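Structure, as structure tokens:
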Amino acid sequence: MKIKDFWHVNPVAFICTVIVKLLAPALALLNTQVGIYQVDAIQQVSLSKFLKLTALSFVLLVVSYLIEYLFDYILAKQKERYKEIIRAKIVNHLCYTKQEYSIAQIQNFLTNDLIQSEENYLDAFFKLVSGIGYFISALVLLFTIHWAMLIVISLMVIVSLLLPKLIEKPLQKAMMAISASNKKYLDTIRSWLTGIEELQRYFAGNHLFGVLSKSSQKLENANVKETGIKQYLKFVNEISSQVMLLLLYAVTGYLIIAKQIAFGVISVVSDLKYYLTSGIEMIIEARGAMIGVTNLNRQIEDLIIPFIKQEEPSVGLEEVDEIITADLQMAFPNGESLQLPDIKVKPGQKILLTGESGVGKSTLLKILAGELMPSSGHVIYRGRHGNLAHPDLSIIGYLPQNTVLFPASIVDNITMFDDNLAPMVPEWVKDMQLQQDIDEQKLNLQTKLDLNKTNISGGQRQKIVLARVLIHQSRIILIDEGTSAIDEQATIKILRKIMATDASVVFIAHNLNPEMKQLFDYELHFFRNNNKIKANIIANIAIEKT
């Protein structure tokens, strides 16, 4: 977060808010000066003068509160708008960057980190402005009363302003520790709660509680440490404040006895002390908080840098003659590696990919879809004349094992929010054998999917994503167990529709019967041989596609 960027959200509101934050303390101090004259009026036994001053004090108080509350409301709206802009930029970064983040990290970026930055940077900035207002107003009032009081307080202020240096680095470290601990806690929650049904089934809830409790303890400890550092600063400030009060009373008493200031000043010494020390404390705490959140703000700034897509000369997918993988290898964090066989896919070919678990079928599809980057080797796209092509991987249709749906309507989940495709949805819903499911469940295409209550089955989810892939007319279609939850009768109808397209298709499946397999040009079977993955081509005799 940056004050400059926050200012651009609404410059007029920002400037007005800063002015109000500076003037509100001035009104409060003006009210204090009125209090001096009230005490003098009592000493002079002048009731009318006292009542007039009391009325003036009341008006100043009301005006001060109304203006401050109004602009606090305006400020809150501007902060929410600013966070909305930042979240949009973060989401844009996350959608287009190739860097991988866990769900817990993303949740932390969009929630906890922004809240931490708002509280310790934006709120701290305006607290700093208010503190400056109190500080300057108090100094002006002290000067109008007597220069000696101003000198005594100024010396104390200089000492007080040096106090944040005591906790600057520890506070920065504490802030980042909270962010890191929160990320780990969210990651732990995600990892364990996705399997809560299994824990319930085996009555292992106590273990879940223990894991979450242990993980949350680190976050709690980080928060406690941050609080301790801040409390230490408050303690030092309070000691400084008490010393300041003693000096104020001593100087005030001397000046009254010497008849250099009005008697009424003695009644507002504590108020003067309060406003001045409050201003100093606000400046010190705000400055310390803003310094402490520097690293976190830098992290947020890295996430909102606009993603610029590099334009590459491309002959387009329509001109690609073949796709070749060469020496693809994936290295995993556990030290294992997977050497994938070289394959070749020609335009329009329909390939069935089979093999036992763990031989790299899904890994291969993720690499072709651009979801994974191989540790070594590459995918080569060649044009019709043997030239290298650079197709746009964003138009490759990919259906992973775990289908991805959104809490939106069936239509939106198929079109991916492209209204131009909406007229074609009914046809593809019918072709993917989804219309019968919709009719039986008394749903419609505008029905919003409830991902928590799961108002659709696994097979219906696959049909929706299959319709999504096909309606976007992808030139390459990669399907990983895309019909595993669909019955045989519907599966063969769906496969025939897919095979009737001009797209190249690589389809992973284990449960296809011989009739289904005959729809493919050939079957590519992956298998292990001496700890290496190899592939056999099993030719198929195509049957008539109806």
Completion exercise
For the pair residue 435 and residue 63, the simple spin-label estimate (label points 7 Å beyond Cα toward Cβ) gives in nm 7.4
Handout entry: Among the listed pairs 127/214; 346/430; 173/214; 21/77, those beyond 27 Å (Cα-Cα)
Key = 127/214; 346/430
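Please tell me which of these pairs span more than 23 angstrom C-alpha to C-alpha: 2/225; 184/366; 361/517; 350/493? Kindly include the intermediate steps, with their values, before the conclusion.
Numbers: 2/225 26 Å; 184/366 27 Å; 361/517 17 Å; 350/493 16 Å.
Too far apart for the 23 Å limit: 2/225; 184/366.
First measure r as the distance between the Cβ atoms of residue 295 and residue 2, then evaluate 1/(1 + (r/R0)^6) with R0 = 22 Å and state the FRET efficiency to the nearest 0.05.
0.95
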Problem - Sequence-distant residues sharing a close amide H with residue 524 (under 5 Å, placed H) - result: 352, 353, 354, 538
Practice task
Give, rounded to the nearest 20 debye, the magnitude of the charge dipole that segment 317-539 has about its Cα centre when Lys and Arg contribute +1 at Cβ and Asp and Glu contribute -1 at Cβ.
Solution key: 320
Practice task
Output ³J(HN,Hα) for segment 326-332: one whole-Hz value per residue in order, computed from phi by the Karplus curve 6.51 cos²θ - 1.76 cosθ + 1.60 with θ = phi - 60°, and x for Gly and Pro.
Solution key: 10, 6, 5, 9, 10, 9, 10
Practice task
State the answer as a single residue: which of 334, 464, 507 lies farthest towards the positive end of the charge dipole of segment 317-539, with beta carbon charges of +1 for Lys and Arg and -1 for Asp and Glu, about the Cα centre.
Solution key: 334
Practice task
Quick one: check the C-alpha center-to-center distance for segment 422-450 versus segment 460-488, whole angstrom.
Solution key: 14
Problem - ³J(HN,Hα), Karplus 6.51/-1.76/1.60, whole Hz, each residue of segment 421-430, x for Gly, Pro - result: 8, 3, x, 8, 4, x, 5, 6, 4, 5
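Tally the DSSP beta bridges in segment 317-539 and give the antiparallel ones as a percent, rounded to 5.
Around 55 percent antiparallel, to the nearest 5.
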Exercise for the section: Using only the alpha carbons of segment 317-539, determine the length spanned along each of the three principal axes and report them from longest to shortest in whole angstroms. Expected result: 53, 37, 37
Exercise for the section: Be a star and scan segment 431-447 for residues whose amide nitrogen sits under 20 Å from the point 7 Å along the Cα-to-Cβ vector of residue 489. Expected result: 431-443
Handout entry: Rough spin-label spacing in nm, given labels placed 7 Å along Cα→Cβ, for residue 180 and residue 378
Key = 3.7
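Readers should treat all values here as calculations from the given coordinates under stated rules, not as data from a laboratory. Because the structure is a prediction, the values reported are computed rather than measured. We place every Cβ from the backbone using ideal geometry, glycine too, and count neighbours over all the protein chains shown.
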